[in-house]
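Each remark here refers to the structure printed beneath this line.
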Amino acid sequence: MAAIILDGKQLAQSVLTDLLPRVRTLRARGIAPKLTVMRIGDDPASRSYIRAKIRACEQTGVMGDELVLPASTSQAEILARLDRLNADPLVHGVLVQLPLPRAVDPHAVAARIAPTKDVDGLHACNLGQLVQGNALLQPCTPAGVLRLLDAYRIDVSGKHAVVVGRSEIVGKPMALLLIRRDATVSVCNSKTPDLGVFTRSADVLVVAAGRAGLVRADMVKVGAVVVDVGVNRLTSGKLVGDVDAAAAHTASHLTPVPGGVGPMTVAMLIENTVNAAERAAPGGLQSTA
Ligand code: GUN
């Protein structure tokens, strides 16, 4: 039986549509929610991701602004720019697109963004709150994965969830969110000796390694829920995930690439921006959503 496809594209549209009345309420109070994305350098993938983010802003009435700096920009200059964005009351969300040039320390950058504007959820304050289970601003990709599982009524409680990849932006926060939902979580990395031993025991498999075809169909347990976070461009130009497409014959549920996790990441970013704008509103306007 072919797997049920977890349609992130459709769900992301519905998340964005649900934000429309919240943005209208903010605007009626004279607050135009605004996201500023900083891009340092000219990475083509970053340009395309940012285009998608700005498009989603436009669709929801959120102001989306891209601030482009040359790859040679010093860390001190980047931090100074962040200070200005932090101090600007018209900016509610600040995101520095990754990857950064080699000379720039991503932790220093994450630490400089005001935690209340950190719509990537990567500031130590927000990651700390994630550990405690009460973060308003959660990293967008893991939050989007959970929203997708929820939409398809996939309960991870008591399941063995295996996360392949331990990045700070996906793997680690993904593991925390799954633990919070009472899954038993294993986190694998590139040094895991026999990856298949882990992936074959996963009821829920989240793959975020950035290597096309890393997980073959025979590495997936029959009936598993497979979430493919990878986005890899082949030399042919085709976009593929980290999981072989043939896993659709083994898994019970599978996210497509493209059209699975990617659009959910963008939708969560816009939701975080609206959350941040509501929290910044005089007298508060915080949704209980
Ligand atoms: N590069 C690829 N995905 C992301 C993301 O979600 N946030 C940031 N800041 N950079 C990225």
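So how do 240-246, 180-186 stack up, highest first, on mean other-Cβ count within 10 Å?
Ranking, from highest mean packing down: 240-246, 180-186.
Using the alpha-carbon centroid of each, what span in Å lies between region 1-74 and region 180-241?
The distance from the Cα centre of region 1-74 to that of region 180-241 comes to 26 Å.
Provide the per-residue ³J(HN,Hα) series for region 156-172, in order, calculated from phi with Karplus coefficients 6.51, -1.76, 1.60 and θ = phi - 60°, each as a whole number of Hz, with x at glycine and proline positions.
The phi angles translate into 8, 4, x, 8, 8, 9, 10, 10, 9, x, 10, 5, 6, 8, 10, x, 5 Hz.
From the Cα trace of the chain, what convex hull volume per residue do you get, rounded to a whole Å³?
Each residue corresponds to 128 Å³ of Cα convex hull volume.
Would you be so kind as to identify which of Thr25, Met38, Ala52 lies farthest towards the positive end of the dipole of region 1-84, taking Lys and Arg as +1 and Asp and Glu as -1 on Cβ and the Cα centre as origin?
The residue sitting most towards the positive pole is Thr25.
Could you give each residue of region 214-221 its phi-based ³J(HN,Hα) in whole Hz, using Karplus coefficients 6.51, -1.76, 1.60 with θ = phi - 60°, and x for Gly or Pro?
4, 9, 7, 4, 6, 9, 10, 5
How high is the relative contact order of the chain, in percent, counting Cα pairs under 8 Å that sit 6 or more residues apart?
Rounded, it is 23 percent for the chain.
Grab the DSSP H runs of the chain that are 4 residues or longer, score each as -39,500 (n - 2.57), total them, divide by all residues and round the 222 nm result to the nearest 500 deg cm²/dmol.
The helix-only estimate for the chain comes to -12500 deg cm²/dmol at 222 nm.
Long-range amide H contacts for Ser186: which residues qualify at under 5 Å (H placed 1.01 Å from N, peptide plane, sequence gap of 5 or more or a different chain)?
Ala161, Val162, Val163
In percent, how large is the relative contact order of region 1-138, given Cα pairs closer than 8 Å and 6 or more residues apart?
22
Is region 224-289 rounded, prolate or oblate when judged by the Cα gyration tensor, a ≥ b ≥ c being the square roots of its eigenvalues, rounded requiring a/c under 1.5 and prolate requiring a/b larger than b/c?
oblate
For region 69-163, what class follows from the C-alpha gyration tensor (a ≥ b ≥ c being the square roots of its eigenvalues): rounded when a/c is under 1.5, otherwise prolate if a/b is larger than b/c, else oblate?
prolate
Over the alpha-carbon set of region 107-156, divide Rg by the Kirkwood Rh and report the Rg/Rh ratio to two decimals.
Taking Rg over the Kirkwood Rh, I get 1.07.
Taking Cα atoms of region 137-281, Rg/Rh with Kirkwood Rh, to two decimals?
Ratio of gyration radius to Kirkwood radius: 0.98.
Taking region 1-160, how much of its Cα-Cα pair set, in percent, is spaced more than 20 angstrom apart?
Everything past 20 Å amounts to 58 percent.
What residues qualify as long-range amide H neighbours of Val119, i.e. H under 5 Å apart, gap of 5 or more or another chain, H built at 1.01 Å from N?
Sorted by chain and number, the residues that satisfy this are Val94.
Need one number: nm distance between label points at Thr17 and Asn232, each 7 Å from Cα along Cα→Cβ, rounded to one decimal.
3.5
Regarding region 129-205, what's the average projected area of the Cα-atom convex hull, expressed in nm²?
If I average the Cα hull's projected area over directions, I get 5.0 nm².
Using modelled amide H (1.01 Å from N, peptide plane; none on Pro or chain starts), what sits under 5 Å from the amide H of Leu69, excluding residues fewer than 5 places away?
Those lying under 5 Å, H to H, from Leu69 are Arg39, Ile40, Gly41.
Under a crude label model (7 Å from the Cα following the beta-carbon direction), how far is Met1 from Arg279 in nanometres?
According to this spin-label approximation, the distance is 4.2 nm.
Once phi is turned into θ = phi - 60°, what whole-Hz ³J(HN,Hα) does the Karplus curve with 6.51, -1.76 and 1.60 give for every residue of region 262-272, x standing for Gly and Pro?
With the stated coefficients, region 262-272 comes to x, x, 5, 4, 5, 4, 5, 5, 5, 4, 4 Hz.
Just want to confirm a number: the relative contact order over region 1-71, from Cα pairs under 8 angstrom separated by 6+ residues, in percent.
Relative contact order for region 1-71 comes out at 36 percent.
Any chance you could count the Lys pairs in the chain whose alpha carbons are under 27 Å apart, treating pairs 8 or more apart or on different chains as valid?
Summing the qualifying lysine pairs gives 20.
Where a number appears in this text, it was derived from the coordinates with a stated rule and is not lab data. The structure displayed is predicted, hence computed values, not measured ones. Because the Cβ atoms are built from the backbone with ideal geometry, glycine has one as well, and the counts that use them run over all protein chains shown.
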